[in-house]
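> First the structure, which I've put down as structure tokens, then a few questions once you've had a look.
Coordinate-derived values only; no laboratory data. Everything quoted here is computed from the prediction, not taken from an experiment. Note: ideal-geometry Cβ built from the backbone for every residue, glycine included; neighbour counts use all protein chains shown.
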Amino acid sequence: MTNKNITIIILIALIMGTLIYAQSIDINLPDNNQGYAPKQPINFSHRLHAGDLQLDCLYCHTGADKSRHAGVPPASVCMNCHNFVTAPWDMVQLEEENAKKENRDLQIPVSDELAKLYAAVGFNTEKMKYDESLTKKPIEWNRVHNIPAYVYFDHRRHVNAEVSCQQCHGAVETMETLSQESDLSMGWCVNCHRDVNSGKLSDLVGKNASTNCAGCHY
Amino acid sequence: MSEKNTKKYWKGVEEREFTPEFAQTLESEFPAKPEEIEDFLTSPKPKTSRRSFLKIAGFSVAGSMIASCVGGSIEKSIPVLIKPEEITPGKAYWYATTCAGCSASCGILTKNRDGRPIKVEGNPQHLLSKGGVCAVGQAMVLGLYDTHRLQKPKANGQDTSSMEIDSAITSKLAGINDNVYFLTGTLSSPSTKATIQKFLSKYPNSKHIEYDAVSYSAILDSHEINFGQRVLPHYNFDKADVIVSFDADFLGTWISPVEFTKAYTSGRKLEGKSPKINKHFQLEGRMSVSGANADRRIKATREEEVAILLAIANKIAQRSGSEFPSWQGKNADSKVVNEIVDSLWSAKGKSLVISGINDVNVQNVVNFINEKLGNYGQTLDIENASKQWNGNDSDVKELIGKMKNGQVNALFVADSNPAYSLPNSEEFKTLFSKVPLTVSFAEHIDETSSLAKFIISTPHFLESWNDTEVVSGMMSVTQPTVPATKENRTVRQTLSTWLGESTDDLKILQNYWQENIFSRAEGLSTFQTFWDNSVHDGFVKIKPQEPVEFTEFALGQNAPKVQSVSGDSYELVLYQKAAMLDGKHAQNAWLQELSDPVTKAVWDNYVCLSQKTAEKFGVVNGDVLKVDSDGVTVNLMAQIQPGQHDNVVAIAVGYGRMGTERFAKIGPKWIEGKGTLEEGKKVGKNAYHFTQQKAKNISFSNKVQLSKTGEHRDLALTQTHHTITEPEKFGGERRNMVRETTLASYIKDPSSGNHRPHMTPELWEQDFKYEGHHWAMSIDLGKCTGCSACVISCQAENNIPVVGKDEVFRRREMQWMRIDRYYSGDDGDVDTLHQPVMCQHCDHAPCEGVCPVLATVHSDEGLNQQIYNRCVGTRYCANNCPYKVRRFNWFDYWNQGEKENLVLNPDITTRSRGVMEKCSMCVQRIQEAKTEAKRLNKPLADGDIQLACQQSCPADAIVFGDVNDKESVVSKAIADARNYTMLEEMNFRTGVSYLTKVRNRGEISDDKHGH
């Protein structure tokens, strides 16, 4: 055996070894971001809103049943409630107690996280009013679910076919910080589509899920 | 077993003659090979050593591995703070507005995504254009994102602000008492016109002059002589059974081509047992789009045309018992004259004679014929006249006279470029700089605005409000689809500011409508409802203006005289190309790279001449000729044009525009790549220098001498690219891709001219059953005029890049659609056919079997799918495609961060280097329609899916739908006896089929069915 051949064999072994090792220690292959849970600019809790308060997903993600994108809700949607709700209940109670103790007027308590929201939309919490003189700045959320290039995923098709949000996004209502539940790989998509067509998914019997390439790639 | 037609079709002379160069192009799908690899693999002593080849190969592998391991960076999702109620991210919304590409003013809809327009489509409800848009209209959306558009006003070449420029101009105006002139293109906006009048009324001896670079002035002038009113008739081609056109390219560029094409093709429906379709005579010296579609095309110089016109007028006068002076031309072919007169006389009141010759005395005779045939009130409407073109050549002449005498104190120019397009543009330039106050309203720095002391930057029409009275009683509304920059203002808004009135453009417009237009509204409503409805629809029908008094028809006094050419002089005909028109949009790269419908050339203008004339001068395509008319010279390449008159040469106007220098470097930058232009050069040459200011009108023909210069510059012709002819070594058999017949033959046998091959029995009987949808398309060659609107529509919809001239030479143009143009017959009298060709979506596709990575596969709805992220770029599919419709990305054509990228359609990928692409049958539109139908829980109806090419086709030649639905329009088209598919004998089972062209001719077509 020549030197050259030995070099080649060692190289191949090294590459294979790296790949196997990568799999075993749970490092994802390129473009697979399963488990990705970035820190968000506002510490928003899906557990609180979707879980405890049982808000409907579509209340905030209004595009999900009528557009390709479910959409990150605009701050104006948050303000529907947070016009009035400025802090968690315990914080409000504490303020009431303190005010009573110190024998002063009740101050409006504002949580640190909501203060960020108010700063973004230009809301003056002292007067509980929008203040036009304040500069507004959109909130820069970090995108959690990012589909690979060349794929066109359409939320409205899935939502209207009664695929539940949790099917792909996992138990969002239990997540304090949102993380990517599924690996969003093509195999994962296609397996589900095949299961639907073969009737394996009991809640989606009779539906037709396309397995044409151009169903998603164009 | 093959069929043989006696008729031969050819795309260019080189194909007909089968020149060795042409045979060479058939050898391989891709003409240029990467030299290094080719050399390394085949040569015994390669230039590249084995060691360095492996080094490069190894580096690419390692590089791509490292690149693939880098994790993606954090991506932001930034929602709006307060969402407008009607906007949902990811959903398209549409605005109805009016195209301002030319002043024909077609109704359009713009598709907006994420706050910006990305596509122009026709407005099907619009009363004139009825859903059609031309290539220029389609390309307007690219112009919106043009980085060279002015963003700020300029004073003496320096950027300034609206406030400063206003005070500078008004202080100058304060010192001017009279003689203020406003020069614009045709202005069919009543509100702008009124504002200009109001502004000028402050200065005595002032005038608003309208001037069109390509003028229709003679038609208006002749009507002033004949009927006492200077009007442009509104032509109704749908009511015309016989159309005689003297050099008027009404299907290509003349007056309102989209509207005319719609009307013209509506008169060419083959319905019933003995269908009647209109008969179209075209007399011309060059080959125009209309000439290519004519039932009877007669080659003639302008002198011969006028002789024939006079002879017809004489005969019509005799038959109608009216007087006609003894005007006569030279050598009118009496056979032609009799044929036309008989046709016209048998269609009295249902015929139409038109002429594109801008000479009042010629138009005078045309009007006489129409009047005696009783066509006024039928096929020509002067009561509800067209306001699409209103230029007045004499006024411009008068203005220049005044400028010479120093009688012009201030000159305002808007939407017009006289320093480029006037016959005496050099003289105009000197005179213009002497006028004390010159202000130009412009979107770009152009020939005129660069000379003006002040430039007011105007917004693009897609970002401004406007109104247009296209035809008397038909108001079209323009609304902004995206907000304009604050410093860009319309003429109306600027003048109103100077007058100390409202500065809000919308308010000015609404006020005008409330005072002047609302009173003409039909039906009762409040102003707000009337306005809202008009903006929503994009147009509104109102009561026509007060009827004007027409006088009894009176023939003009002067006989038409046209220069005669003989011996060594040639008649030069100046024409507009369907893509470039008068040159206003020369900075639009889509339009520059659109193959001309007739010559199939891109990125240039040239001299069209006949084969015989070319032989006389010993020139071939691309040899530079010097064209000389009394000292005015231009050196341009020769383009041999079948069907051209031997004494006529033709040059397109609209080239040599300032600002086209920007295209020098367009296209991919690589070692062997050459620029589209030499640095500092312009695209083409200005041919307006050959126009002549005659007594009343500007003449667009001239007498010229030709001489050979000995230079040669290649013409970027796409005509023989993607040719389906077999190479000689495989038999060289010519299969006719286009089929045609005559009306007489069609009535005898609807399948005449359409010989279906005798199919051998199938080996594979159990073929795939398409159970859901089965998409198919049918294209009617009888309707397609070759106008090329679909090509640009496809380019806009599918994110197709511009590649530049050098890449076109290498047959690398990227457009998914091409329009093959075939000739038949000899050079003298050719018949021309246009055939749009895109991926044929074969059910038995040759490309699919050869892809080693399954990147191109068939869908269960009959679509041939191309999956970009699977494609590794072997190009086997393109080699195996018999229709030559696949396009390979040799480079990354898209550059990050360019403003022009805003035009990209977010519903479809931009393909990267090394990937094959082709027509997807707008699968994104199919998916969208299917998804919406499911969302709304209703069945998908026939016509819910409109493909990009189909939607804007002015001729309604393309239909698309589901063949499993037997009632669908496409199923009916496929069941038609005229239906055929290309290369049917190969059994590819294409999803795209064609309908035979039927020409309205009396003779039985001579092609025989041979075996």
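> Quick one: dipole size for chain B, taken about the Cα centre, charges +1 on Lys/Arg Cβ and -1 on Asp/Glu Cβ, in debye to the nearest 20.
On the way: 117 positive and 126 negative charges, 191 e Å.
Using Cβ point charges on Lys, Arg, Asp and Glu, chain B gives about 920 debye.
> Hey, another quick one. How large is the Rg to Rh ratio of the stretch B:94-144 when both quantities use alpha carbon positions and Rh follows Kirkwood? Don't skip to the answer; put the middle values down first.
Numbers: Rg = 10.0 Å, Rh = 10.7 Å.
Answer for the stretch B:94-144: 0.94.
> Over the stretch B:933-975, what lengths in whole Å, largest first, do the semi-axes of the equivalent ellipsoid take, defined as the square roots of 5 times the eigenvalues of the alpha-carbon gyration tensor?
Values: eigenvalues 80, 47, 7 Å².
For the stretch B:933-975, the semi-axes come out at 20, 15, 6 Å.
> May I pose another question? Report the GluC sites (Glu not before Pro) located in the stretch B:292-369 that are in a DSSP loop and have at most 14 other Cβ atoms inside 10 Å of their Cβ, or state none. Mind dumping the intermediate values first?
Numbers: sites: B:303, B:304, B:305, B:323, B:339; in loops: B:323.
For GluC sites (Glu not before Pro) across the stretch B:292-369 that sit outside H, G, I, E and B with at most 14 neighbouring Cβ atoms in 10 Å, the list reads B:323.
> Report the residue, chosen from A:38, A:30, A:73, that carries the largest GNM mean-square fluctuation when chain A is represented by alpha-carbon nodes joined by springs under 10 Å.
A:30
> Size of the dipole of the stretch A:1-148 about the Cα centre, Lys and Arg at +1 and Asp and Glu at -1 on the beta carbon, nothing else charged, in debye to 20?
Details: 14 positive and 17 negative charges, 133 e Å.
Taking the Cα centre of the stretch A:1-148 as origin, the dipole is about 640 debye.
> Can you tell which of A:196, B:588, B:823 lies farthest toward the positive end of the dipole of the protein assembly as shown, using +1 and -1 charges on the Cβ of basic and acidic side chains (Lys, Arg; Asp, Glu)?
My answer, from the dipole projection, is B:823.
> What are the principal axis extents of the Cα atoms in the stretch B:268-324, in Å, biggest first?
Dimensions of the stretch B:268-324 along the principal axes of its Cα atoms: 41, 32, 10 Å.
> Here's a follow-up. Evaluate the charge dipole of the stretch A:79-130 about its Cα centre and quote only its size in Debye, nearest 20, assuming +1 on the Cβ of each Lys and Arg and -1 on the Cβ of each Asp and Glu.
On the way: 6 positive and 9 negative charges, 47 e Å.
Taking the Cα centre of the stretch A:79-130 as origin, the dipole is about 220 debye.
> In the stretch B:399-449, what GluC sites (Glu not before Pro) fall in a loop by DSSP, with at most 12 other Cβ atoms inside 10 Å?
Numbers: sites: B:426, B:427, B:443, B:447; in loops: B:443, B:447.
Within the stretch B:399-449, no GluC sites (Glu not before Pro) qualify (loop, at most 12 other Cβ atoms within 10 Å).
> Which residues' amide hydrogens lie under 5 Å from the amide hydrogen of residue B:183, considering only partners 5 or more residues apart or on another chain, with H built in the peptide plane?
B:209, B:412, B:413, B:414
> Give me the three principal axis extents of the stretch B:801-892 from the C-alpha atoms, as integers in angstrom, largest value leading.
50, 32, 19
> Okay, moving on. Using the Cα atoms of the stretch A:38-92 to build a convex hull, what is its mean projected area in square nanometres? Don't jump to the answer; show the numbers that get you there.
Numbers: hull surface 19.1 nm².
Approximately 4.8 nm², given one-decimal rounding.
> Let me ask something additional. Collect residues whose amide H, placed 1.01 Å from N in the peptide plane, falls under 5 Å from the amide H of residue A:124; neighbours closer than 5 in sequence don't count.
A:129, A:130, A:131
> Which residue, chosen from B:533, B:513, B:599, occupies the Cα position most advanced towards the positive end of the dipole of the stretch B:511-619, where the dipole is computed from +1 (Lys, Arg) and -1 (Asp, Glu) charges on Cβ about the Cα centre?
Positive-most Cα among the choices belongs to B:599.
> Taking the Cα atoms of chain A, report the difference between the largest and smallest coordinate on each principal axis, in whole Å and largest first.
91, 52, 33
> Sort B:287-300, A:84-97, B:609-622 by packing, meaning the average of other beta carbons within 10 Å per residue, with the highest value first.
Values: B:287-300: 24.6, A:84-97: 13.0, B:609-622: 17.5.
By packing density, highest mean first, the sequence is B:287-300, B:609-622, A:84-97.
> Using the Kirkwood radius over C-alpha pairs as Rh, can you work out the diffusion coefficient of chain B via Stokes-Einstein at 37 °C, viscosity 0.692 mPa s, in µm² per second? If you can, show how the numbers build up before the last one.
Numbers: Rh = 30.2 Å.
Once the numbers are plugged in, D ends up at 109 µm²/s.
> Can you sort B:260, B:550 by how many other beta carbons sit within 10 Å, fewest first?
Result, fewest neighbours first: B:550, B:260.
> In the calculated pair distance distribution of the protein assembly as shown, what percentage of Cα-Cα distances lie above 61 Å? Walk me through the numbers before you get to the answer.
Values: 134420 of 754606 pairs.
Value for the protein assembly as shown: 18 percent of Cα pairs lie more than 61 Å apart.
> Next up: Could I have the simple spin-label model distance between residue B:810 and residue B:486, label points 7 Å from Cα toward Cβ, reported in nm to one decimal?
The modelled label-to-label distance comes out at 4.7 nm.
> For a quick check: with amide H placed at 1.01 Å from N, whose amide H comes under 5 Å from residue B:693's, ignoring anything fewer than 5 positions away on the same chain?
For residue B:693, whose amide H was placed from the backbone, the distant partners under 5 Å are B:699.
> Also, I was wondering about something else. Above 21 Å lies some portion of the pair distances; for the stretch B:569-712, what is it as a whole percent of all C-alpha pairs? Can you show the working numbers first?
Numbers: 4518 of 10296 pairs.
The answer is 44 percent, as a whole percent.
> Roughly what would the spin-label model give for residue B:768 and residue B:207, points 7 Å off Cα along C-beta, in nm?
7.0
> Compute the distance from the alpha-carbon center of the stretch B:563-577 to that of the stretch B:891-966, in whole Å.
The stretch B:563-577 and the stretch B:891-966 have Cα centres separated by 45 Å.
> Report the Cα centroid-to-centroid distance between the stretch B:612-655 and the stretch B:802-857 in angstrom, as an integer.
Between the Cα centres of the stretch B:612-655 and the stretch B:802-857 lies a distance of 29 Å.
> Please give the direction-averaged projected area of the C-alpha convex hull for the stretch B:293-395, in square nanometres with one decimal.
Details: hull surface 31.2 nm².
Here the figure is 7.8 nm², rounded to one decimal.
> I'm a student and want to see the number: the projected area of the Cα convex hull of the stretch B:597-659, averaged over all directions, in nm². Show your work: numbers first, answer last.
On the way: hull surface 19.8 nm².
The directionally averaged projection comes out at 5.0 nm².
> Okay, next question. Over the alpha-carbon set of the stretch B:430-548, divide Rg by the Kirkwood Rh and report the Rg/Rh ratio to two decimals. If you can, show how the numbers build up before the last one.
Working: Rg = 17.0 Å, Rh = 16.2 Å.
Across the stretch B:430-548, the Cα-based Rg/Rh ratio is 1.05.
> Order of A:128, B:777 from fewest to most other C-beta atoms within 10 Å? It would help to have the intermediate numbers written out before the result.
On the way: A:128 11, B:777 26.
Result, fewest neighbours first: A:128, B:777.
> May I ask which residue of B:667, B:638, B:702 lies farthest towards the positive end of the charge dipole of the stretch B:593-731, with charges of +1 (Lys, Arg) and -1 (Asp, Glu) on Cβ and the Cα centre as origin?
Comparing the listed Cα positions along the dipole, B:702 ranks first.
> Give the separation of the Cα centroids, the stretch B:192-234 to the stretch A:128-149, in Å.
54
> How long are the three semi-axes of the equivalent ellipsoid for the stretch A:56-148, computed from the Cα gyration tensor as the root of 5 times each eigenvalue, in whole Å, largest first?
Calculated on Cα positions only, the semi-axes equal 32, 16, 11 Å.
> Taking neighbour Cβ counts within 10 Å as the exposure measure, how do A:193, A:155 sort from fewest upward?
A:193, A:155
> For the stretch B:756-823, which GluC sites (Glu not before Pro) are both in a DSSP coil and crowded by at most 15 other Cβ atoms within 10 Å? Don't skip to the answer; put the middle values down first.
On the way: sites: B:762, B:765, B:771, B:797, B:807, B:813; in loops: B:762, B:765, B:771, B:813.
In loop regions of the stretch B:756-823 (DSSP not H, G, I, E or B), the sparsely surrounded GluC sites (Glu not before Pro) are B:762, B:765, B:771.
> Semi-axes of the equivalent ellipsoid of the stretch A:79-130: what are they in whole Å, largest first, if each equals the square root of 5 times a C-alpha gyration tensor eigenvalue?
Numbers: eigenvalues 95, 26, 14 Å².
Working from the Cα gyration tensor, I get semi-axes of 22, 11, 8 Å.
> Averaging the inverse of every distinct alpha carbon separation and then flipping it gives the Kirkwood radius. What is it for the stretch B:429-480, in angstrom units? List each step's numbers first, then the result.
Numbers: mean 1/r = 0.0764 Å⁻¹.
Result for the stretch B:429-480 stands at 13.1 Å.
> Please compute, for peptide A:136-145, the average count of beta-carbon atoms on other protein chains lying within 10 Å of each residue's beta-carbon.
Numbers: counts 2, 2, 6, 5, 5, 5, 4, 6, 2, 1.
Taking all residues of A:136-145 together, the mean is 4.
> Where in chain A lies the longest segment free of trypsin sites (Lys or Arg not before Pro) that are both loop residues by DSSP (not H, G, I, E, B) and have at most 11 other Cβ atoms within 10 Å?
Values: sites that count: A:39, A:104, A:127.
Maximal segment without exposed cleavage sites: A:128-218.
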